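> The structure is given below, and queries will be raised subsequently.
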Amino acid sequence: MNMRKLRKRSTAILLAVLMIFASGGCGKPAESAAEEKITLDFFAPDAAFEVAVTVAHMYSTYYPGVEVRITYDEGATLAAMIEAGYRCDVYLSDDPLYMNWLDGNVTGSANPNENDLLLQESRLDLMTKPSSEEGSEERIAIYSLAAVNTSPHPQEAAKFVSYMADGSCDPVYSEYGFTRISEE
């Protein structure tokens with residue numbers, strides 16, 4: 001066999017092998033691929049940071065395929081971030097007024113931009129805590145919770161909201177001075 005034919009044949013074989021690799025022909029079969037992990041973005045106010053961290057850890061332990069990533073700041077700032085399009089799956093607000101700002105069921109001056117960013121029927125008043133603001137000894141802060149309707153994982157976000165409201169997290173709330181609002 002002459003050298004020129006041998007090079008052509010070798011080049012053709014090399015190209016065929018490269019095309020197989022490039023097309024994924026030698027990759028893992030789809031059925032053996034690992035299940036994709038879900039990351040939930042949880043926005044929580046500064047005042048409930050410890051609760052958010054503890055609940056996120058508990059949830060990820062109970063549902064190992066779900067990682068909960070927390071963003072914390074003031075409640076109004078978090079609501080503005082959601083309105084601006086930041087990725088958020090679940091929002092915990094330290095004042096129902098901030099939640100109203102995002103709720104399509106709220107009209108008028110409480111929702112001046114006519115936002116409709118909450119997953120239907122996921123909003124609830126979750127817990128209370130005596131206010132720590134000066135001169136507000138009798139004021140009780142209400143923390144509202146909802147899944148955000150722009151979530152790439154709306155079913156998992158709704159499941160996380162249910163988990164926080166079903167009583168599983170009550171010891172955590174108590175540990176940090178909160179009281180869950182029970183449904184009656």
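> Classify the stretch 88-184 as rounded, prolate or oblate from the Cα gyration tensor: take a ≥ b ≥ c as the square roots of its eigenvalues, call it rounded if a/c is under 1.5, otherwise prolate when a/b beats b/c and oblate if not.
Since a/c reaches 1.5 but b/c is at least a/b, the shape of the stretch 88-184 is classed as oblate.
> Would you mind classifying the stretch 69-137 by shape? Square roots of the alpha carbon gyration tensor eigenvalues, ordered a ≥ b ≥ c; an a/c under 1.5 is rounded, otherwise it is prolate if a/b is larger than b/c and oblate if not.
Note, shape of the stretch 69-137 comes out prolate.
> Computed FRET efficiency, Cβ-Cβ of E114 and Y62, R0 30 Å: what is it to the nearest 0.05?
0.20
> Still on this structure, please answer the following. Give me I140, I181 sorted ascending by neighbouring Cβ count inside 10 Å, so fewest comes first.
Ranked by crowding around the Cβ, least crowded first: I140, I181.
> Rounded, prolate or oblate: which one fits the stretch 41-103, using the alpha carbon gyration tensor with axes a ≥ b ≥ c (rounded when a/c is under 1.5, else prolate when a/b beats b/c, else oblate)?
prolate
> Run the simple label-point estimate for R139 and Y176 please: 7 Å along Cα→C-beta, distance reported in nm.
2.0 nm
> Below 10 angstrom from the Cβ of P152, what's the summed charge of the other residues (Lys, Arg +1; Asp, Glu -1)?
Here the charged neighbours net out to -2.
> Going by how many other Cβ atoms sit within 10 Å of their own, how do R123, R87, R139, R180 line up, fewest first?
Placing the least packed residue first, the sequence is R139, R87, R180, R123.
> Under a 5 Å amide H to amide H cut-off, with H placed in plane at 1.01 Å, what residues pair with A141 once short-range neighbours are removed?
Counting only residues 5 or more places away or on other chains, the set is K129, S131.
> So how do V66, V55 line up by other beta-carbon neighbours within 10 Å, fewest first?
Fewest to most other Cβ atoms nearby, the residues stand as V66, V55.
> Here is a further query. Once fully extended, how much extra length lies between Y163 and D73, figured as 0.36 nm per residue of separation less the alpha-carbon to alpha-carbon distance?
Full extension of this stretch gives 30.2 nm more.
Quick note: the coordinates plus some simple rules give every number you see, no bench work behind them. These figures come from a predicted structure and were not determined experimentally. Positions of Cβ are backbone-derived with ideal geometry, glycine not excepted, and every protein chain shown enters the neighbour counts.
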